[in-house]
Amino acid sequence: YLYNNRYAGDKVIRLVPETEGEAHVLKNICHQFKVDLWQPSSISYVSEGTVTDVHIPQNGSQILLAFLQQANIQYTVLIADLQKALEKGNSLRAQRNRR
Amino acid sequence: SLPGYSYEVYHSLEEIQNWMHYLNKTHPGLIHMFSIGKSYEGRSLFILKLGRRSRAYKRAVWIDCGIHAREWIGPAFCQWFVKEALQTYRSDPAMRKMLNHLYFYIMPVFNVDGYHFSWTNDRFWRKTRSRNSRFRCRGVDANRNWKVNWCDEGASFHPCDDTYCGPFPESEPEVKAVAHFLRKRRKHIRAYLSFHAYAQMLLYPYSYKYAKIPNFSCVESAAYNAVIALHSAYGVRYRHGPASSTLYVSSGSSMDWAYKNGIPYAFAFELRDTGHFGFLLPESLIKPTCTETMLAVKNITMHLLKKC
């Protein structure tokens, strides 16, 4: 596996806080779960309406998503499994090289 | 080009450096490769000087890619630009004019340590790989480390943050080396272009404040025409404007530093996409992304060659 399979089960989700309250909750969750922010580049930018893409590790994702649902914060899953996405990219490359 | 070298796949740092050495050997009339220093981990910071050699005075454009390690489409574009320049120098009048009248200093991988680390350990690493004995976290955000409103809004003093500005401005040897190079040549350099991902934007100063730059109308028209040219390829829309209002306020960026140091046109590209794949932009999208971005860069360059 690429990167020793470290991204297995990791997800990337998108959230767009609809209120400052939601933005505040989101900031707290990001601090608490030490997530990897893809966009924007810093949590300090997150406010109402900010498109926020977050890479969440497999081991925290269930609790984190539960938090979000409890806080009634909508989210969409951009990448369901980062490891699979990485492996897929790699296999496509191998196919290309063979071709 | 390097036999069998594909510009439609992502390449490791070693492959990119071999590619640079090869072009340096095979295109002495148009390409000169040199190093401007060493990275924190001791890797060479290679630059390609692209353009027809001439004794006459020539202005220059600086292009850097890969300030943030995980943004792989940046280095891919830098390589694509060089390949297109070499392949179309004779056939494309615009490219011939660009390379006859200007030099292009191209840094395919700015953050060489971080890029290598993103291939070997952490695909989503962003920062450099410097150490600070007092903290366990490594790396500085090389786009918050420049001496322009350093470590103000949009940057963090905390070494574990992704936007860590560093212990002091130009603390990162990579930033220091590029700043030193640009400072020495700033009277010659007309434009500074830095390539990032992802957001599909073309940004110009200021990042660190909401204010208009003195040559706003010229820069705005160059940016506007550039995103129109980019859109003409595949219909992809890029937003453009001052970074502070188009994206967010951030201090210590290379683009603001370049502008503050007298380079009249400073841009930061945020390439594809807008989040569908994010940093994992598939290799199948390298070609369309680089093709459209090429149109924007050529448009900006032709703008430089005219009076505004």
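Where a number appears in this text, it was derived from the coordinates with a stated rule and is not lab data. These numbers come from a predicted model, not from an experiment. Neighbour counts are summed over all protein chains in view; Cβ atoms, including those assigned to glycine, are modelled from backbone coordinates with ideal geometry.
Observations
- Rounded FRET efficiency, nearest 0.05, which uses the C-beta distance separating residue B:87 from residue B:153 and R0 of 51 Å: 0.75
- Chain B - mean residue ellipticity at 222 nm from DSSP helices (-39,500 (n - 2.57) per run, n ≥ 4, rounded to 500): -11500 deg cm²/dmol
- Mean sequence separation of contacting Cα pairs (under 8 Å, at least six apart), scaled by the length of chain A, corresponds to a relative contact order of 44 percent.
- Counting DSSP beta bridges with both ends in chain B, the antiparallel % (nearest 5): 35
- Length added when fully stretched, residue B:215-residue B:59, from 0.36 nm per residue minus Cα-Cα: 54.3 nm
- Per-residue 3J(HN,Hα) values for the stretch B:2-18, derived from phi via the Karplus relation 6.51 cos²θ - 1.76 cosθ + 1.60 with θ = phi - 60°, read 4, x, x, 7, 9, 8, 10, 9, 7, 10, 6, 4, 4, 4, 5, 5, 4 Hz in sequence order (x marks Gly and Pro).
- For chain A, the alpha carbon positions stretch 52, 23, 19 Å along the principal axes, listed from largest to smallest.
- Take the Cα of residue A:71, step 7 Å toward its Cβ, do the same at residue A:48, and the gap between the two points is 1.6 nm.
- Charge dipole of chain B about the Cα centre (unit charges at C-beta), most positive-ward option of B:251, B:32, B:219: B:32
- Only Lys, Arg (+1) and Asp, Glu (-1) charged, at Cβ; the stretch A:32-99 dipole about Cα centre in debye: 600
- Here the stretch B:1-126 carries DSSP beta bridges of which approximately 60% are antiparallel, counting only pairs with both residues inside.
- Shape category assigned to the stretch B:203-282 from the gyration tensor of Cα positions, a/c cut at 1.5: oblate
- Averaged over the residues of B:254-266, the number of partner chain Cβ atoms lying within 10 Å of the residue Cβ comes to 0.
- DSSP beta bridge pairing in the protein assembly as shown, given as percent antiparallel to the nearest 5: 50
- Measuring between their Cα centroids, the stretch B:245-283 and the stretch B:92-135 lie 13 Å from each other.
- Beyond 19 Å in Cα-Cα separation lie the following of the pairs B:49/B:97; B:83/B:287; B:49/B:83; B:127/B:209; B:212/B:260: B:127/B:209.
- The mean number of partner chain beta-carbon atoms within 10 angstrom of a residue's beta-carbon across peptide A:30-40 is 3.
- Convex hull of the stretch B:41-197 built on C-alpha atoms - directionally averaged projected area, nm²: 10.2
- Counted charge near residue A:71, where neighbours are those whose Cβ lies closer than 14 Å (Asp, Glu -1; Lys, Arg +1): -2
- Difference of contour (0.36 nm per residue) and Cα-Cα distance, residue B:14 to residue B:245: 79.4 nm
- For the stretch B:138-144, putting each phi into the Karplus relation 6.51 cos²θ - 1.76 cosθ + 1.60 with θ = phi - 60° gives couplings of 9, x, 10, 6, 5, 9, 10 Hz, in residue order, rounded to whole numbers and with x for Gly and Pro.
- Residue B:41 paired with residue B:237, simple spin-label distance in nm, labels 7 Å along Cα-to-beta-carbon: 4.1
- Rounded D (µm²/s) - the stretch B:196-243, Kirkwood Rh over Cα pairs, Stokes-Einstein at 4 °C, 1.567 mPa s: 114
- About its Cα centre, the stretch B:41-167 has a charge dipole of approximately 700 debye under the convention of +1 per Lys or Arg Cβ and -1 per Asp or Glu Cβ, with nothing else charged.
- The stretch A:1-92: chymotrypsin sites (Phe, Trp or Tyr not before Pro) in DSSP coil with no more than 16 other Cβ atoms inside 10 Å: A:1
- Sequence-ordered 3J(HN,Hα) estimates for the stretch B:197-205 from the Karplus curve with 6.51, -1.76 and 1.60 and θ = phi - 60° stand at 8, 10, 4, 6, 9, 10, 10, 9, x Hz, glycine and proline given as x.
- Degrees separating the helix A:82-98 axis from the principal Cα axis of chain A, which is the longest one: 30
- Other residues with beta-carbon under 14 Å from the beta-carbon of residue B:158 carry, at +1 per Lys or Arg and -1 per Asp or Glu, a net charge of +3.
- For trypsin sites (Lys or Arg not before Pro), the sites in the stretch B:152-215 that DSSP calls loop and that have at most 11 other Cβ atoms within 10 Å are B:187.
- Both radii were evaluated on the Cα set of the protein assembly as shown; the Rg over Rh quotient, with Rh as the Kirkwood radius, amounts to 0.95.
- Under 14 Å from residue B:147, Cα to Cα: aspartates and glutamates that are on another chain or at least 8 residues apart: B:170, B:172, B:174, B:256
- Check: chain B dipole with +1 on Lys, Arg Cβ and -1 on Asp, Glu Cβ, in debye: 1400
- Trypsin sites (Lys or Arg not before Pro) within the stretch B:99-149, DSSP loop, no more than 12 other Cβ atoms inside 10 Å: B:134, B:136
- Global geometry of chain B, whether rounded, prolate or oblate, following the gyration tensor of its Cα atoms and the 1.5 cut on a/c: rounded
- Pair residue B:284, residue B:94: separation of 7 Å Cα→Cβ label points (nm): 2.8
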